[in-house]
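Engineer: Starting off with a structure, shown below.
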Amino acid sequence: MRILAVDPGEKSLGIALSDPTGTIANPLTVLQHVSRPIDAAAIASLAAEHNAEMIVVGHTLDEDGNPTPQGRRARRLAAAIRTQTTVPVILWDESGSTQAARQARLDLHGTRRRRGGHLDELAATYILQTYLDSAARASS
């Protein structure tokens, strides 16, 4: 099952896509934030274009497990996506995704000059991979 993941940010949205078996997450693209309805339509369109059977939206939680302000924005984006598609949309805790993406970029590109660019698609990839790994553990 192919799954699309979203790392929602204030300025841009990182998008990742799993392989057809739903095992490995790969970066797909970065969308520039326009407005919630337009972003939701673009995400739904990408899901349809890539035959995704699920959309995972990263959201942040505080120490008590409650959504942060960014987490509440992610919930509103997930609700908007649901109005644009029949594909199931779930929320997934993205805590640590930016730090993991930053470390991955450091590991991949040693020199400072080669480390430029967005972290958004790497963060989306991290969110998706943690979801895929959790789903694999739950089914075994």
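Engineer: Could you identify the single residue in Leu61, Leu4 that is in contact with a strand residue (DSSP E or B) (Cβ under 7 Å, 6 or more places away or on another chain) and closer than 17 Å to Pro88 by Cα?
Structural biologist: On the way: Leu61 fails: closer than 17 Å to Pro88 by Cα.
The conditions single out Leu4.
Engineer: Which of the residues that make up the stretch 17-32 are surrounded by 13 or more Cβ atoms within 10 Å (Cβ to Cβ) and more than 10 Å from Arg2 (Cα to Cα)?
Structural biologist: Within the stretch 17-32, Asn26, Pro27, Leu28, Thr29, Val30, Leu31 meet the criteria.
Engineer: Could you please let me know if Gly71 is outside any strand (DSSP E or B) and at positive phi? Give the steps one after another, and end with the answer.
Structural biologist: Details: outside any strand (DSSP E or B): yes; at positive phi: no.
No, not satisfied.
Engineer: Among the residues in the stretch 33-43, are any modelled with pLDDT of 95 or more, crowded, with 18+ Cβ neighbours inside 10 Å and not in a helix (DSSP H, G or I)?
Structural biologist: Narrowing the stretch 33-43 to residues modelled with pLDDT of 95 or more: 33-43.
Next, from what is left, pick out any that are crowded, with 18+ Cβ neighbours inside 10 Å: 39-40, 42-43.
Now restrict to residues that are not in a helix (DSSP H, G or I): none.
No, there is no match, as no residue in the stretch 33-43 is modelled with pLDDT of 95 or more, crowded, with 18+ Cβ neighbours inside 10 Å and not in a helix (DSSP H, G or I).
Engineer: Of the residues Ala124, Ala104, only one is at negative phi, within 17 Å of the chain's Cα centre (by Cα) and at pLDDT below 90; which?
Structural biologist: Numbers: Ala124 fails: at pLDDT below 90.
Among Ala124, Ala104, only Ala104 is at negative phi, within 17 Å of the chain's Cα centre (by Cα) and at pLDDT below 90.
Engineer: List pairs: first in the stretch 28-44 and among the acidic types (Asp, Glu), second surrounded by 14 or more Cβ atoms within 10 Å (Cβ to Cβ), Cβ under 7 Å, 6+ apart or cross-chain?
Structural biologist: Cβ pairs passing all conditions: Asp39/Leu13; Asp39/Leu31; Asp39/His33; Asp39/Leu77.
The values are calculated or read from the model by the stated rules, or taken from the named source; none is laboratory data. Because the structure is predicted, anything quoted here is derived from the model rather than measured. Virtual Cβ from ideal backbone geometry, glycine too; neighbours counted across all protein chains shown.
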